[in-house]
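Quick notes on the structure that follows.
The values are calculated or read from the model by the stated rules, or taken from the named source; none is laboratory data. Quick caveat, the model's predicted, so the values are computed rather than measured. Glycine also receives a Cβ, built like all others from the backbone with ideal geometry; neighbour counts cover every protein chain displayed.
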Amino acid sequence: MASSMAMTRSVRGLLGSMDTVCRMELDSLTEGQGPAPLHGGNSVELRRPIEGLGHAELSAWLDARGLPAYRGDQIRRWLFQKHATAFESMTDVPRELRQALARSFVIGSLAVQQRSRSDDGTVKYLLRLRDGNVVETVYIPEADRVTLCVSTQAGCGLGCAFCATARMGLKRNLTRAEIVDQVLEVQRQCPEERRISNLVLMGMGEPLANYDATRGALETITDAASGMAISPRKITVSTVGLLPQMRRLMEETRVNLAISLHSVRDDVRSELMPVNRKYPVAQLLECCRSLPVPRRKRITFEYLLLRGVNDLAADAAELAKRLRGIRCKVNLIPFNPHEGSGFDRPPEDVIERFGETLRARGIQTHVRRPRGEDIQAACGQLYHAAASEDGAGRARVEAAIEQRGVADSQATQ
Ligand code: SAH
């Protein structure tokens, strides 16, 4: 058992990059109560999920213990390529190192609370985080690909008028580990031949309002050597258009960018998306013209079609006009209904005509057909009522997360 001073120091050292949940616990721990033992009791909460560490961070952790960097690659391959759930199973890692890892880290930051399968094969996962928040991840199999729609925040604070998630408000940002774990956990659940090939960051939340965690998670997900090796060409980040972060993302990564536009009229867009008051349409489009988008790539503009709001032929013509000169394509998304929204989907012929007007003006246009509507898994339908969070399910899921920590704790004794 370490001395009380050394323990306090090591606890403080952890604070810099600790997950929010754990930081709250550590704050109370460092305030007057004195250090708690790292084994037993609430030890699981004191250890960070190792998937949240970047390559450099894990190397530094090893280096501080006089261990070579290649051990980091071994550990990462176990985590991200072989989907290990316990340090004990990392058989080519020396025993003492496995034990040291298990004393400092856990594997996993969330657990599946519920799975719903749609008639079209789409699967919606309700994933419970360690603090009781719940996020949703949607698995979408298609003939030539399997796409996972990932969340970046619990709830969302942007208040878009048509979106179910907005009704939750922002609970909190997800950590890097929690974003990575959505992919890992779902991958563990699906048969090998249906490996996740594509990612869209279009679940709950605004990825660019949680930039660092999103960027970090993408680093792990795209790392071909020891990460999940999903090509950045197969990843799309969707944003309401937070301009500074959009530019950073384009400079720092090679993922695809999708922007939720929904109207090129400031009066309409500001009503639909309050963020438009901060970054109005002209400023957003000007930024798009100057973004460092690779030559062969296009920006995607998502355009939600709302009956009687933004679906007139004149809207389509104006949209085409304003997009002129931007290398882009348009994804038309017919509104997916949810209770009490007050919006409707336009009739099929209106959707078709809107698309035709854009195409006739030289804009590459695709109408996105909803997937998983029957299980409320389609775009903008993700919502989790706080009231239904408690109960037996919670205890079950927490037990699932704890179990891994316990297996490793036992292994270190
Ligand atoms: N915050 C990001 C990503 C999450 S939303 C963004 O806004 O882009 C992903 C997409 O679903 C966005 O284009 C959003 O406008 C759209 N969407 C939201 N509610 C919808 C609904 N009810 N029907 C169809 N699309 C919706």
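Laid out as a table, the results:
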{"quantity": "Residues being surrounded by 14 or more Cβ atoms within 10 Å (Cβ to Cβ), in contact (Cβ under 8 Å) with a residue 60 or more places away in the chain and part of a strand (DSSP E or B) - total across the range 331-378", "calculated": "1"}
{"quantity": "Residue in the range 222-243 that is farthest from K329 (Cα to Cα), counting only those that are more than 16 Å from the ligand (Cβ to nearest atom) and touching a Phe, Trp or Tyr at 6+ places or on another chain (Cβ under 9 Å)", "calculated": "S226"}
{"quantity": "Spans of helices (runs of 4 or more DSSP H) in the range 30-93 with at least 2 residues at pLDDT below 95", "calculated": "43-46"}
{"quantity": "Residues of the range 249-267 satisfying the condition of being among the basic types (K, R) and within 17 Å of R327 (Cα to Cα)", "calculated": "R254"}
{"quantity": "Complete set of residues in the range 184-212 that are over 9 Å from the mean Cα position of the chain (by Cα), part of a helix (DSSP H, G or I) and within 24 Å of G155 (Cα to Cα)", "calculated": "L184, E185, V186, Q187, L208, A209, N210, Y211, D212"}
{"quantity": "Selection from the range 235-248 of residues that are out of contact with any helix residue (DSSP H, G or I) (no Cβ under 6 Å at 6 or more places or on another chain) and surrounded by fewer than 22 Cβ atoms within 10 Å (Cβ to Cβ)", "calculated": "I235, T236, P244, R247, R248"}
{"quantity": "Test for K171: is it modelled with pLDDT of 95 or more and farther than 30 Å from G66 by Cα", "calculated": "yes"}
{"quantity": "Looking only at the range 249-264, and only at residues there that are small (G, A, S) and surrounded by 21 or more Cβ atoms within 10 Å (Cβ to Cβ), the one that is farthest from the chain's Cα centre (by Cα)", "calculated": "S263"}
{"quantity": "Sole exception among (1) within 16 Å of the ligand (Cβ to nearest atom); (2) in contact with a Pro (Cβ under 8 Å, 6 or more places away or on another chain) for E251, by number", "calculated": "(1)"}
{"quantity": "Close pairs from the range 157-171: first at positive phi and without any contact (Cβ under 8 Å) to a residue 24 or more places away in the chain, partner crowded, with 16+ Cβ neighbours inside 10 Å and outside any loop (DSSP other than H, G, I, E, B), Cβ under 9 Å, at least 6 apart", "calculated": "G169/G155"}
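Residue-wise test of (1) over 19 Å from R145 (Cα atoms); (2) more than 13 Å from the ligand (Cβ to nearest atom); (3) surrounded by 19 or more Cβ atoms within 10 Å (Cβ to Cβ); (4) at pLDDT below 95.
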| position | (1), (2), (3), (4) |
| --- | --- |
| Q182 | no, yes, yes, no |
| R188 | no, yes, no, yes |
| E193 | no, yes, no, yes |
| L208 | yes, no, yes, no |
| T220 | yes, yes, yes, no |
